[in-house]
Amino acid sequence: MNVLARFFRLAEAGTSVRKEIIGGVTTFLTMAYVIFVIPAMLSDPAIGMPKGALITATILATIYGTLVVALYGRVPFAMAPGMGLGAYFAYSLCIGSGIAWPVALGAVFISGCLFLLLGILGIRRLIAAGIPESLQLATAAGIGLFVMFIGLKNLGVVVAHPSTLVAIGPWSVPMALGVAGILICGMLASRNVTGGLLIGMALTTLLGMIVGQVPLPQGIVSVPPGIGEIVGQLDVRGALTPALIGPIFALMFVDMFDSIGTMIACGRSSGILDNDATMNKLDRALRVDASATVLGAVLGVPSVTTYVESAAGISAGARTGLASVVTAGCFIIALWFAPLISMVPVFATAPVLVIAGVYMFRSIRHLDFSRLDELIPAVLTIILMPLTYTISVGIAAGFLSWTLLKVMTGRIRDVRPSMWLCSLLALVALMEMILPGGLPL
């Protein structure tokens, strides 16, 4: 215990081993749903990835990011494949655009390498500082709306319609169970119940078993499924095409915004980053985040990002990386419960997508509604993500419209050099997506 206390500087952080353990377990309980939801999304028959391998790969990527940020960054943050980025990977890139999952993993790998390179060169701070807050908030809200839409689609609440594009779907038992799951998860989340989404998912699965929609598990504990079918299958060369400029751009920037925003919000509110004037802790944590995305792509999962659920552990007393060691340990234990994880149906994971989307959409409250030159690009960013089923379209449209409005309204000085670069990349990405045959490159 004394070794742990000295290594993580518990006394200096004003915490104890007991508080760190409680905080680490709390973080695990609040984000454990990721090991159910990510494999459920990527194992969609239209994608063709094996669910068992995805369960193991998701947990391994989570363990790596969380454990390394604990030992190297010494902060109580937890990392795992992102919900919004996972939805974008599965439903926009693979299903929506028809991109083979190895090529999509190649795009994730490239985005992670760029994220890591920008940090090493010191460019990441300049880019992050040049992106207006309104677009950062809008990106989070738009992804939330996109994730909610996917959750409702998975439940059959929203279906395609030839005249109106979308309509409400026909009633079914799985839909009814999913709607009940949304209400259960929403009730538990509203009451701030620790692990509310995980409990809600379990109760929805139990309801499905009662009405005969979910078969009994073949077992409870087993050796973790192998990942040989997906590990190392990424196609980096196939991802190096003009058509994937937009997706790679979106993957990198969403990961960057999400991680920086989460780390600063959790770190500043709890005082963890108060004595980090040179931002060394933040930089180390971001390097881990980027490297976890690179490793995750090799393992076979989408971009790894810092989870806002880390705030739950911090609220419970976590202040150092020891809490993240505990969280990683909990995920190691979860590796052996693949049979239980595999039995959770789509109608039990979809409610988690809906509630998680609501959490992300809440960032809209910080937008300045009195500034139309800020609000118009923000709204375009938010609404185009679900309507085009592509996060990169929303980001590109928001960046480009923000810069053009600043020029047209005489506020060109508001546009920083990094924003000019981002807008140029956004223009290239949009042209590639909307021009017949793409750009003549």
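The values are calculated or read from the model by the stated rules, or taken from the named source; none is laboratory data. These numbers come from a predicted model, not from an experiment. For neighbour counting, all protein chains shown are included, and Cβ atoms are generated from backbone atoms with ideal geometry for every residue, glycine included.
Just wondering, is there one or more residues in region 106-117 that are surrounded by fewer than 23 Cβ atoms within 10 Å (Cβ to Cβ), assigned to a helix (DSSP H, G or I) and either free of Cβ contacts under 8 Å to residues at least 12 places away in the same chain or in contact with a strand residue (DSSP E or B) (Cβ under 6 Å, 6 or more places away or on another chain) (or both)?
Checking region 106-117: at least one residue is surrounded by fewer than 23 Cβ atoms within 10 Å (Cβ to Cβ), assigned to a helix (DSSP H, G or I) and either free of Cβ contacts under 8 Å to residues at least 12 places away in the same chain or in contact with a strand residue (DSSP E or B) (Cβ under 6 Å, 6 or more places away or on another chain) (or both).
I'd like the full set of residues that are small (Gly, Ala, Ser) and either modelled with pLDDT of 80 or more or part of a helix (DSSP H, G or I) (or both), limited to region 235-285.
GLY238, ALA239, ALA243, GLY246, ALA250, SER259, GLY261, ALA265, GLY267, SER269, SER270, ALA285
Here is a yes/no grid of residues against (1) surrounded by 20 or more Cβ atoms within 10 Å (Cβ to Cβ); (2) at pLDDT below 85:
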{"position": "GLY119", "(1), (2)": "no, yes"}
{"position": "ALA128", "(1), (2)": "no, yes"}
{"position": "ILE131", "(1), (2)": "yes, yes"}
{"position": "GLN136", "(1), (2)": "yes, yes"}
{"position": "ALA140", "(1), (2)": "yes, yes"}
{"position": "VAL147", "(1), (2)": "yes, no"}
{"position": "LEU155", "(1), (2)": "yes, no"}
{"position": "VAL159", "(1), (2)": "no, no"}
{"position": "LEU165", "(1), (2)": "no, no"}
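For (1) in contact with a helix residue (DSSP H, G or I) (Cβ under 7 Å, 6 or more places away or on another chain); (2) more than 30 Å from ILE260 (Cα to Cα), each residue gets a yes or a no:
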residue: PHE109; (1), (2): yes, no
residue: CYS113; (1), (2): yes, no
residue: PRO132; (1), (2): yes, no
residue: ALA141; (1), (2): yes, no
residue: LEU155; (1), (2): yes, yes
residue: VAL159; (1), (2): no, yes
residue: SER172; (1), (2): no, yes
residue: ALA180; (1), (2): yes, yes
residue: LEU188; (1), (2): yes, no
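Mind checking which pairs have a first residue in region 414-430 that is on the phi < 0 side of the Ramachandran plot and among the basic types (Lys, Arg) and a second that is surrounded by 15 or more Cβ atoms within 10 Å (Cβ to Cβ) and at pLDDT below 85, Cβ under 6 Å, 6 or more apart or different chains?
Listed pairs, sorted by first residue: ARG416/GLY130.
Quick check: anything in region 299-319 surrounded by fewer than 22 Cβ atoms within 10 Å (Cβ to Cβ), at pLDDT 90 or above and on the phi < 0 side of the Ramachandran plot?
The answer is no; no qualifying residue exists.
Give region 169-195 a look and list any residue that's surrounded by fewer than 15 Cβ atoms within 10 Å (Cβ to Cβ) and at pLDDT 90 or above, or say none.
Of everything in region 169-195, those that are surrounded by fewer than 15 Cβ atoms within 10 Å (Cβ to Cβ) and at pLDDT 90 or above turn out to be PRO170, TRP171, SER172, VAL173, LEU183, MET187, SER190, ARG191.
Quick one: in region 362-407, which of the residues that are polar (S, T, N, Q) and within 21 Å of the chain's Cα centre (by Cα) is farthest from ALA243 (Cα to Cα)?
The residue in question is SER363.
Quick grid of which residues meet (1) in contact (Cβ under 8 Å) with a residue 12 or more places away in the chain; (2) out of contact with any helix residue (DSSP H, G or I) (no Cβ under 6 Å at 6 or more places or on another chain); (3) within 20 Å of GLY82 (Cα to Cα):
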residue: LEU353; (1), (2), (3): yes, no, yes
residue: MET360; (1), (2), (3): yes, no, yes
residue: LEU405; (1), (2), (3): yes, no, no
residue: MET408; (1), (2), (3): no, yes, no
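Scan region 286-309 for residues that are within 14 Å of PHE77 (Cβ to Cβ), hydrophobic (A, V, I, L, M, F, W, C) and assigned to a helix (DSSP H, G or I) and jot them down.
LEU286, VAL288, ALA290, ALA292
Tell me the residue from ILE245, ILE210, ILE260, ILE220 that is within 30 Å of PHE399 (Cα to Cα) and either in contact with an Asp or Glu (Cβ under 7 Å, 6 or more places away or on another chain) or surrounded by fewer than 16 Cβ atoms within 10 Å (Cβ to Cβ) (or both), please.
Working: ILE210 fails: within 30 Å of PHE399 (Cα to Cα); ILE260 fails: either in contact with an Asp or Glu (Cβ under 7 Å, 6 or more places away or on another chain) or surrounded by fewer than 16 Cβ atoms within 10 Å (Cβ to Cβ) (or both); ILE220 fails: within 30 Å of PHE399 (Cα to Cα).
Exactly one residue qualifies, and that residue is ILE245.
Scan region 228-242 for residues that are within 20 Å of PRO39 (Cβ to Cβ) and buried (at least 22 other Cβ atoms within 10 Å of the Cβ) and report the count.
Total satisfying the criteria: 2.
Residues that are over 29 Å from TYR91 (Cα atoms): find the helices (runs of 4 or more DSSP H) completely inside region 323-415 holding 1 or more of those. Working first, answer last.
Details: elements: 338-342, 346-361, 372-388, 391-408.
Here the list reads 372-388, 391-408.
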